């Protein structure tokens with residue numbers, strides 16, 4: 001017996017000059033004392049790649065929305081949220 005078929009959706013390739021920044025969370029300096037997240041203002045231990053306090057989910061959602069705001073994708077494609 002086989003499982004259900006999977007639908008794979010591949011997003012449009014962004015223009016080379018307008019690619020989204022990849023956030024690297026592997027560094028030891030990614031964690032610090034609790035400080036307000038730069039996006040949601042709730043306490044956060046994580047630091048974004050620039051060293052500012054930020055939740056990983058907040059930073060990735062912010063970067064995703066920033067990238068989609070700069071691209072010429074149709075509106076319905078810009079409204080999708082990242083899966084938690």
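Figures for the structure shown
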quantity	calculated
Test: residue in the range 19-26 that is touching a strand residue (DSSP E or B) at 6+ places or on another chain (Cβ under 8 Å), over 21 Å from residue 64 (Cβ atoms) and either surrounded by 13 or more Cβ atoms within 10 Å (Cβ to Cβ) or at pLDDT 60 or above (or both)	no
Condition check for residue 5: assigned to a helix (DSSP H, G or I), loosely packed, with under 10 Cβ neighbours inside 10 Å and at pLDDT below 55	no
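The values are calculated or read from the model by the stated rules, or taken from the named source; none is laboratory data. Keep in mind that this is a model prediction, so the values were computed, not measured. Heads up, the Cβs are rebuilt from the backbone with ideal geometry, glycines too, and the neighbour counts pull from every protein chain shown.
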